[in-house]
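Q: Next up is a structure, given as structure tokens.
Coordinate-derived values only; no laboratory data. As the structure is a prediction and not an experimental result, all values here were calculated from the model. Backbone-built Cβ (ideal geometry, glycine too); neighbour counts: all protein chains shown.
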Amino acid sequence: MPIAYKSLTYRVYERLRRDILEGKLRPGARIKQEDLTKRLGVSRTPVREAMQRLETEGLIRVMRRSSAIVSEIPRREIEEIFELRALLEGYAAEKAAESLDDKALSKLRRLIGELDDHRSAKDVQKLLLKNEEFHRTICSLAGNKTLLNMLEQIWRDIRRLRFNYLTTPAGHEQSTREHKALVDALERREKDLVDKIVHEHAHRTMAGILETFEVRPPESGAAPKEIPHTREAKNTRRLRAGKTAQR
């Protein structure tokens, strides 16, 4: 299989995945292969393979007639995810308080500043990634790889949920206050307070996310724009142009 073809399939997958995680394709939105091939300027094969990969990750449900639906996340499942997150992150943060050094402390404070910068610049992708990096940095200090792997799965599950909450001014400001309070408690090695802040942070984030889901606008199945500068995209457009001319 040519490398260029693999790259195209991955780029289609990456574009769709990003649009789902960033909330551009919301839970319940319908995705049609035919629409994607037109809007992305590619053939059906990379679109079909990208959708299959997204289905294995649980982000979409492939339906009949070459379409799919962005997976819904039931309210109860959201509550369960955040309950588990609070327990695991609370334990990891308590362990982190035992091994936190000046270098890690400096990094955490720098990440808080970068989160503010990305929020001001309205760079949603970097905002989400830096938020995960902040939590990952703390939990990595626990020195437990199994625990970290479990948390990585939880962070992936809630990534697309956090988008609407973190991008609201109130959500970001609340999150920033709690991040700063958590770092201060870690610096003082107050493990009980660390655990309390982590639990409150998780539950407040969950409440904010549930609120944004309740007031969100109607679902839209709008697909991403064309992927530029790909060989197959150009060839597909030429073929379509030729067919149109023949008619």
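Q: Treat each spin label as a single point 7 Å out from the Cα along the C-beta direction, and report the residue 168 to residue 116 distance in nm.
A: 2.3
Q: A follow-up question, please. What aspartates and glutamates does residue 32 reach when the alpha-carbon gap must be under 16 Å and sequence neighbours fewer than 8 apart in one chain are set aside?
A: By straight Cα distance, residue 32 reaches 19, 49, 55, 219, 226.
Q: First measure r as the distance between the Cβ atoms of residue 188 and residue 125, then evaluate 1/(1 + (r/R0)^6) with R0 = 30 Å and state the FRET efficiency to the nearest 0.05.
A: Values: r = 33 Å, r/R0 = 1.12.
So, using R0 = 30 Å, E works out to roughly 0.35.
Q: I've got another one for you. Which whole number of Å³ per residue matches the convex hull of the alpha-carbon atoms in the stretch 75-214? Before the final figure, lay out each step's value.
A: Numbers: hull volume 12.5 nm³, N = 140.
Hull volume normalised by residue count: 90 Å³.
Q: Where the centroid of each part is defined by its Cα atoms, how far is the stretch 113-158 from the stretch 16-75 in Å?
A: Distance between centres, Cα-based: 25 Å.
Q: Okay, moving on. Once you've got the Cα coordinates, tell me which of 95/145; 122/196; 107/196 are over 20 Å apart.
A: Details: 95/145 13 Å; 122/196 30 Å; 107/196 22 Å.
Listed pairs above 20 Å: 122/196; 107/196.
Q: May I ask for the net charge around residue 88, where only other residues with Cβ less than 12 Å from the Cβ of residue 88 are counted and Lys, Arg are +1 while Asp, Glu are -1? Before the final figure, lay out each step's value.
A: Values: positive: 85, 95; negative: 83, 89, 94, 152, 195.
With Lys, Arg at +1 and Asp, Glu at -1, the neighbours total -3.
Q: Å³ per residue of the Cα convex hull, for the stretch 1-158? Don't skip to the end; give the middle numbers.
A: Details: hull volume 23.9 nm³, N = 158.
Enclosed volume per residue, from the Cα hull, is 151 Å³.
Q: Which order do the peptides 156-162, 57-63 take when ranked by the mean count of other beta-carbon atoms within 10 Å per residue, highest first?
A: On the way: 156-162: 19.6, 57-63: 15.9.
Packing order, densest peptide first, comes out as 156-162, 57-63.
Q: Report the extension gain between residue 77 and residue 150 in nm, rounded to one decimal, defined as 0.36 nm multiplied by the number of residues separating them, less their alpha carbon distance. It would help to have the intermediate numbers written out before the result.
A: Working: separation 73, 0.36 × 73 = 26.28 nm, distance 1.62 nm.
Full-extension gain reported as 24.7 nm.
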